[in-house]
Amino acid sequence: MKNIYKNSQQNIKKAKRLLKKNKVIAVPTETVYGLAGNAYSSSSIKKIYKLKKRPKINPLIIHYYDIKSAKRDVYINKDFLKLYKKFSPGPITFILKKKKKSKVSYLANANLKTIAIRFPRNKIIRSLLKILEFPLAIPSANISSALSPVSSQDVLDEFGNKIKFILDDGQTNIGLESTVISLYDKIQIIRPGLINLKQIKQVLKKQISSLKKTNRIVSPGILKKHYSPGIPIELNSKKKDYNAAFIVLGKKYKKDKDVFNLSKNNNLNEAARKLYKTLRKIKNLGYKKINVVKIPNIKIGIAINDRLKKAAN
Ligand code: TXA
Ligand code: MG
């Protein structure tokens, strides 16, 4: 299909050429699809903010192939090394102090003292990062506050012809954005994801807090309204309202055109994978309201509930 490019040596090279010219392209990761641009180039960062209609105070995550390249831009510490060893490459983002001599555009990290860095696991984005001489700023490939894309078709849905080059890798594996953890000043999870607080505590062997409402300021981008399909959502529903779509989990729900089951087996990873796709489908079908059953607040269910709460705001 138009603008969609399959995984091949040739297309990875084409992506490299475009990025070197400071163009913005769409790429797969294991979490969600993103818009990628040269993190060292202010002109490419400006394009990303413009395409996403993103407030300039909301910093981007910088994606690297390995520690060696990340060390050019941030000061690493012991906690980082422990978590990196256990979870990277993978769906976790670390906030660390930016080096003075870093070449990351100040526009990419909203002129903060810190940068968020991530080492994605997806093979295609990794093979691209490996051959680039600069890291990539990659926010999720959606208009600010809208639903994140989990397939290249979703990216087309969001941007139409404005994104001319989308590297395709089918449906993403995880379906929710990476866990974001601050390792600067105070250790704190500022966005829940597949890798959860419990696992992180086990690795660091210390107490850490999840984000409190009062110190939201550490992440300017944690906007209240986010991940939104643009229709009212009611959470913890026991049944559906008239004419609403009903998002459910488990075996007990009968098949019905208005019922959208995230996982018949109550598998929360499957539910996470299907969440954005289901919300997008419901929106495209023209429903005016969504009811969602209670989702267990454990493991990746914590991240599902975080996104649903913000989508419902
Ligand atoms: O899974 C992911 O992380 C995806 C894929 C594409 O890698 N990316 C992603 O990026 O979700 P984005 O831009 O949609 O979300 C980045 C989040 C925002 O909430 C932003 O505020 C926060 O990370 N963030 C980035 N840099 C930060 C910093 N220096 N300090 C605090 N928060 C930061
Ligand atoms: Mg996003």
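Just so you know, all these numbers are worked out from the coordinates, no wet-lab data involved. Predicted, not measured: the structure shown is a model, and the values here were computed from it.
The table below gives the values:
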{"read-out": "Distance from the range 275-294 to the range 67-135 (C-alpha centre basis), Å", "value": "34"}
{"read-out": "Antiparallel DSSP beta bridges within the chain, as percent of all bridges there, nearest 5", "value": "45"}
{"read-out": "0 to 90° range, to nearest 10: angle between helix 268-284 axis and the chain longest Cα axis", "value": "80"}
{"read-out": "Cubic angstrom per residue, convex hull over Cα atoms of the chain", "value": "130"}
{"read-out": "Inter-part distance where the range 182-212 and the range 1-33 are each reduced to a Cα centre, Å", "value": "32"}
{"read-out": "Folded to 0 to 90 degrees: helix 300-312 orientation relative to the chain principal axis, Cα", "value": "80"}
{"read-out": "Percentage relative contact order, the chain, counting C-alpha pairs under 8 Å, at least six apart", "value": "20"}
{"read-out": "Taking the range 233-312 and dividing mean pair separation by its residue count, relative contact order in percent (alpha carbons under 8 Å, at least six apart)", "value": "43"}
{"read-out": "Over 29 Å between alpha carbons, listed pairs K254/K283; K13/K198; K21/K78; K130/K309; K252/K281; K82/K251", "value": "K13/K198; K21/K78; K130/K309; K82/K251"}
{"read-out": "R191 long-range amide H proximity, modeled H, under 5 Å", "value": "V180"}
